[in-house]
Amino acid sequence: MEIDVRYFAAAAAGVGRATDRLEYEAPVTIGGVLDDVERSAATSDSRLGTVLGRCSFIVNGVTTRDRDRQLADGDQLDVLPPFAGG
């Protein structure tokens, strides 16, 4: 299964890219995707875990903060850090 991930603002800066297409053999949660992203980040910025820990998410146009939400093949996951100090 494939998941498209888009990173915004500090998340994109911390990951070192704006998008990913990730492949999984089995179902995966948002938290599982974030763990994989953090391990494979193009930068060695130690703040990435903090940034990802504060993010909210949009899955196929629906906002969530539930890191245990299961993702399905073809889902789009947007990773949004707090904006304007929020």
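The values are calculated or read from the model by the stated rules, or taken from the named source; none is laboratory data. Not measured: the values here are computed from a predicted model. For neighbour counting, all protein chains shown are included, and Cβ atoms are generated from backbone atoms with ideal geometry for every residue, glycine included.
What do you reckon, is residue 85 modelled with pLDDT under 90 and over 11 Å from the mean Cα position of the chain (by Cα)?
Numbers: modelled with pLDDT under 90: yes; over 11 Å from the mean Cα position of the chain (by Cα): yes.
Judged against the criteria, residue 85 is a match.
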Among residues of the stretch 1-30, those that are touching a Lys or Arg at 6+ places or on another chain (Cβ under 9 Å), in contact (Cβ under 8 Å) with a residue 60 or more places away in the chain and under 19 Å from residue 50 (Cα atoms), counted | 3
Report, ordered by the first and then the second residue, all pairs with beta carbons closer than 6 Å, sequence separation of six or more or different chains, a first member in the stretch 58-74 that is more than 10 Å from residue 31 (Cα to Cα), and a second member that is assigned to a loop (DSSP other than H, G, I, E, B) and among the acidic types (Asp, Glu).
-> 59/75; 60/75
Within the stretch 26-63, track down each residue that is surrounded by fewer than 11 Cβ atoms within 10 Å (Cβ to Cβ) and modelled with pLDDT under 95.
-> 26, 39, 42, 44, 46
Using the structure shown, decide if residue 67 is within 12 Å of the chain's Cα centre (by Cα), exposed (fewer than 11 other Cβ atoms within 10 Å of the Cβ) and under 22 Å from residue 1 (Cα atoms).
-> no
